[in-house]
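The values are calculated or read from the model by the stated rules, or taken from the named source; none is laboratory data. If you're wondering where the values come from, they're calculated on a predicted model, not measured in any experiment. A quick note on method: Cβ atoms are made from the backbone with ideal geometry, for glycine too, and the neighbour counts reach across all protein chains shown. What goes into the accessible areas is simple: the full protein's heavy atoms, side chains included, and nothing from ligands, DNA or RNA. Shrake-Rupley method; radii C 1.70, N 1.55, O 1.52, S 1.80 Å.
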Amino acid sequence: MNNSNMLKRKRPLLRKLSNYAVNCFCLLSITLALWAMYRILHTVWQHGSETLTWEFLTEPSKPYGEPHAGIANALLGTLYMTLGAAGMAILPAVAAGVWLAEFGKTGVVATTLRFCGNVLMGVPSIIIGLFVYVIIVIPSGHFSGWAGSVALAIIMFPVIMRTTEDSLNMVPNTLRESALALGMTRMRATLCIVARSAKNGLITGILLSLARVSGETAPLLFTALFADTYPKHFFEQPTASVPVLINEYTNNSPFESMHNMGWGAALVIAVAILLINILTRIIFYENKH
């Protein structure tokens, strides 16, 4: 009896200690993540804020020594390639995710598609760049922003597909059953009820994929390359982008002024991604209330 009473007393104590240890670990993890983000943003701001002027944002990049150089062409090229990739990847990836969650589920095709998506998510982006280089750049005989968009679309596809499937799987089956009981077709119930319920998750997956590809450098080195001009011939000529500009100015230039411009470009793209995420959270918060 004494032993059993002691065990009963120890169990609540062990549970409390375990709970305390887990809470401490979670708090430590959050603190480390916030500290790392702060250090990154602080370092980028410290090195790049000096070059952040209106001229820096509105003038195109120029060879070293020429005055009034900026990153406007790189910003425009990044926007073009990201929008091109989004146009190619979002609709097919969302459709694939919806099919996997609502119609395919456990079939051979669905299992194969999930496996291929998981593998593709783990493939280094430089391998995707080499792949697009072989199938588009070499046959066409020139680098182009279009080839860069294709590479970025391949990177975006599995991220959106798997996020879409996971978001739809979190929707309760009672919503599906209610919609079908009211006479809706399976497709209409999926698009009008289930997809709308998982809207936040779907948009989050799309934004995550956009944030990832907007900072990709390796695939663009093999597809879009770089140019000190505006992207007037998107399908036929090399196209500038902010990630490649940062790489070229900070790693391949011996001049301190070019290094500062690279830091400034890094600050611009970091702030842009941060603002997109913050605005999305604010919009979702207002919609919930």
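General remarks:
- Centroid-to-centroid separation of the range 68-108 and the range 11-26 [C-alpha atoms, Å]: 43
- 0 to 90° range, to nearest 10: angle between helix 108-122 axis and the chain longest Cα axis: 50
- The relative contact order of the range 29-160 comes to 27 percent, based on Cα pairs under 8 Å that sit 6 or more residues apart.
- Angle between the chain longest axis and helix 199-214 axis [Cα atoms, degrees, rounded to 10]: 30
- Candidate residues 142, 233: accessible-area rank, largest first, probe 1.4 Å: 233, 142
- Residues residue 103 and residue 36, FRET efficiency given R0 of 30 Å [Cβ-Cβ distance, rounded to 0.05]: 0.15
- For the range 124-235, the relative contact order is 50 percent, taking Cα pairs closer than 8 Å that sit 6 or more residues apart in sequence and dividing their mean separation by the residue count.
- For residue 30, the accessible surface of its heavy atoms amounts to roughly 100 Å² (probe 1.4 Å, protein chains only, rounded to the nearest 10).
- The chain: most fluctuating residue of 221, 13, 274 per GNM, C-alpha cutoff 10 Å: 13
- Annotation note: GluC sites (Glu not before Pro) in the range 216-289 located in DSSP loop regions with a Cβ neighbour count of at most 16 within 10 Å are 236.
- Amide H partners (placed H, <5 Å) of residue 226, local residues excluded: 239
- For the chain, the Rg and Dmax computed from alpha carbons only, in angstrom: 24.4, 89
- Relative contact order [Cα under 8 Å, 6+ residues apart], the chain, whole percent: 25
- Of the residues 210, 100, 191, the one that moves most in a GNM of the chain with alpha-carbon contacts below 10 Å is 191.
- Over the chain, dividing the summed -39,500 (n - 2.57) contributions of all DSSP H runs of at least 4 residues by the number of residues returns a 222 nm mean residue ellipticity of -24000 deg cm²/dmol.
- Figure note: 217, 174 ranked by solvent-accessible area, largest first, 1.4 Å probe, ligands and nucleic acids not counted: 174, 217.
- Most mobile listed residue (29, 144, 49) in the chain, GNM with C-alpha springs under 10 Å: 29
- Compared with the dominant Cα axis of the chain, that is its longest principal axis, helix 256-288 is turned about 40°.
- Loop sites in the range 188-289: trypsin sites (Lys or Arg not before Pro), DSSP, at most 12 other Cβ within 10 Å: 232
- Of the chymotrypsin sites (Phe, Trp or Tyr not before Pro) found in the range 57-127, the ones in coil according to DSSP and having at most 15 other Cβ atoms within 10 Å of their Cβ are 64.
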